[in-house]
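Everything on this sheet refers to the single structure shown next.
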Amino acid sequence: MQIYWFGMLMASICLEGLGRKYMPQVPTIAFYFLKDVVLLIGYLTIKPPAPIRRTWRLLYRGFGIVWLVSVLWTVLEVFNPSHESGVLALIALRAYWVWWLAPVVVASVIHNKKQRRQAIYILATLTIGISILAALQFASPADSALNLYSIVDGESVYAADSGIVFETGRARVSATFAFLSGFQDYTILIPALLLSLGLDTTDKKLRTWALAATLLAASVIPMSGSRSAVILGGAVLFLTSWASGLFFTVIGRQIVICAVAALVLASVAFPDALFGVQARFESDETQSRLLENASVLPPVALLVFDYPAAGIGTGMQQNAKVSMGIKTEWESELEVHRYLVELGPIGFCLIWTVKFGVMVALIRAYRILRRAGRRAASGAALSYAAVTFFGNLMFD
């Protein structure tokens, strides 16, 4: 029963965009909150066992009190006088805190060896399907039905409207996701995870399936047209490969050779994908984006950004405010700036510390797994620590 729940959770996360694109008769909000409902039901029915909960507390030790104060602060900011929408507050509280249930619930499912094997098949199959759809979208015109992003207020939004690479005219694909950010995050996170799971299993068929999915997912990363996806995705795969010892074994070198061959074939089949990303790297905007990324550190963020001292309220920088017609004096795409605007400097420092605690927990997991000889799993933990530091946990 637990593995069916796992499949439902993965499907509700990864296929949400298909529902929002091609089932307009169903309210968008139903698809938006479906994964949260599935996650909450899973937590209540699976009831993570004490050893799983204890392990999480051990890894996250030292940050629990900051986490609790941060939750209270975000609730307090809901009542900020500048706040304009209870719906935005609900969306934001869900984005900040509901996902924390996922690690212990998923760990409870895959703790069982048979269920872990089935879970890898589910994840690999989803990844292969998503990658194939991404390739088809990239090969199609930006205004084709395949490149429909979403339906907003009854209006169809296509890649041609807001998501093409100017130099090539190709669509920035979203695959099964509603918008670019979901696909970008998926291509950053999943290849490293599948690589570690594939290397960690002794089942040859399962390993082949997981590694094939890894190669496919890695080959479509440039099709998003995202510079950060290429940099982070490549760095995460390299870290996972290095930490798992992939470069130092015969089978590992064989996998690396296959990976290089697959990427070469992908670049030959879809040269515009790499050219499009290269062109975006050469733009003037790239330098400013790189400088902006330095603001991930609190001292820099507090000095370079403009923000209200008390914040304007939890959720007031969520993307949903656009469709609700809500405008604010402060607008930003960067997550750290959004923290500052919503929660003020105190709330920003609290949330940043909570996020830093996740990175520390993953580094602790890396050390424990490495000492236990689980090098592939340790590689994934190390990679995810890097993604946590630079990634957008609460807004993507």
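The values are calculated or read from the model by the stated rules, or taken from the named source; none is laboratory data. Please read these numbers as outputs of a predicted model, since none were measured by experiment. Here the Cβ positions follow ideal geometry from the backbone for every residue, glycine too, while neighbour counts run over all protein chains shown. Surface accessibility is based on the protein's heavy atoms, side chains included, excluding ligands, DNA and RNA. Shrake-Rupley method; radii C 1.70, N 1.55, O 1.52, S 1.80 Å.
Key figures
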read-out	value
Test: residue in segment 131-140 that is within 16 Å of the chain's Cα centre (by Cα), within 23 Å of Ala376 (Cβ to Cβ) and touching a residue at least 12 places away in the same chain (Cβ under 8 Å)	yes
Segment 206-218, residues that are open to solvent by 20 Å² or more (accessible area, probe 1.4 Å) and among the hydroxyl-bearing types (Ser, Thr, Tyr)	Thr208
Sole exception among (1) open to solvent by 40 Å² or more (accessible area, probe 1.4 Å); (2) more than 15 Å from Val71 (Cα to Cα) for Trp352, by number	(2)
Helices (runs of 4 or more DSSP H) contained in segment 288-391 and holding at least 2 residues aromatic (Phe, Trp, Tyr)	335-371, 375-390
Residue match in segment 67-84 (condition: free of Cβ contacts under 8 Å to residues at least 24 places away in the same chain and of a type in the set (Gly, Ala, Ser))	no
Meets criteria (among the aliphatic types (A, V, I, L, M) and in contact with a Leu (Cβ under 7 Å, 6 or more places away or on another chain)) for Ile368	no
Filtered residue count, segment 31-52, keeping only those that are surrounded by 16 or more Cβ atoms within 10 Å (Cβ to Cβ) and touching a Ser or Thr at 6+ places or on another chain (Cβ under 7 Å)	6
Enumeration of residues in segment 96-115 that are open to solvent by 10 Å² or more (accessible area, probe 1.4 Å) and more than 30 Å from Thr201 (Cα to Cα)	Trp97, Val98
Test: residue in segment 205-224 that is modelled with pLDDT under 80 and of a type outside the set (Asp, Glu)	yes
Options Ile221, Ile190; residue that is without any contact (Cβ under 8 Å) to a residue 40 or more places away in the chain and in contact with a helix residue (DSSP H, G or I) (Cβ under 6 Å, 6 or more places away or on another chain)	Ile221
Test: Leu393 is modelled with pLDDT of 95 or more, open to solvent by 20 Å² or more (accessible area, probe 1.4 Å) and under 28 Å from Phe183 (Cβ atoms)	no
Residue match in segment 351-361 (condition: of a type in the set (S, T, N, Q), under 13 Å from Leu88 (Cβ atoms) and out of contact with any strand residue (DSSP E or B) (no Cβ under 9 Å at 6 or more places or on another chain))	no
Hits in segment 79-90 - residues which are surrounded by fewer than 21 Cβ atoms within 10 Å (Cβ to Cβ) and within 17 Å of Phe395 (Cβ to Cβ)	Ser85, Val87, Leu90
Condition met for Thr176 (among the β-branched types (Val, Ile, Thr), touching a Gly at 6+ places or on another chain (Cβ under 7 Å) and closer than 20 Å to Tyr366 by Cβ)	no
The listed residue being outside any helix (DSSP H, G or I), of a type in the set (A, V, I, L, M) and surrounded by fewer than 19 Cβ atoms within 10 Å (Cβ to Cβ), out of Val75, Val69, Val26	Val26
Test result for Arg170, farther than 24 Å from Arg374 by Cβ, modelled with pLDDT of 75 or more and of a type in the set (D, E, K, R)	yes
Any hit, segment 366-386, residues being out of contact with any Gly (no Cβ under 7 Å at 6 or more places or on another chain), of a type in the set (Val, Ile, Thr) and open to solvent by less than 30 Å² (accessible area, probe 1.4 Å)	no
Any pair with Cβ under 8 angstrom, 6 or more apart, that starts in segment 325-337 at a residue that is at pLDDT 80 or above and surrounded by 11 or more Cβ atoms within 10 Å (Cβ to Cβ) and ends at one that is charged (D, E, K, R) and assigned to a loop (DSSP other than H, G, I, E, B)	Ile326/Glu84; Trp330/Asp306; Glu335/Asp396
Pairs where the first residue, in segment 346-358, is touching a residue at least 60 places away in the same chain (Cβ under 8 Å) and the second is part of a helix (DSSP H, G or I) and small (Gly, Ala, Ser), C-beta under 6 Å, 6+ apart	Leu350/Ser70; Ile351/Ser70; Val354/Ser70
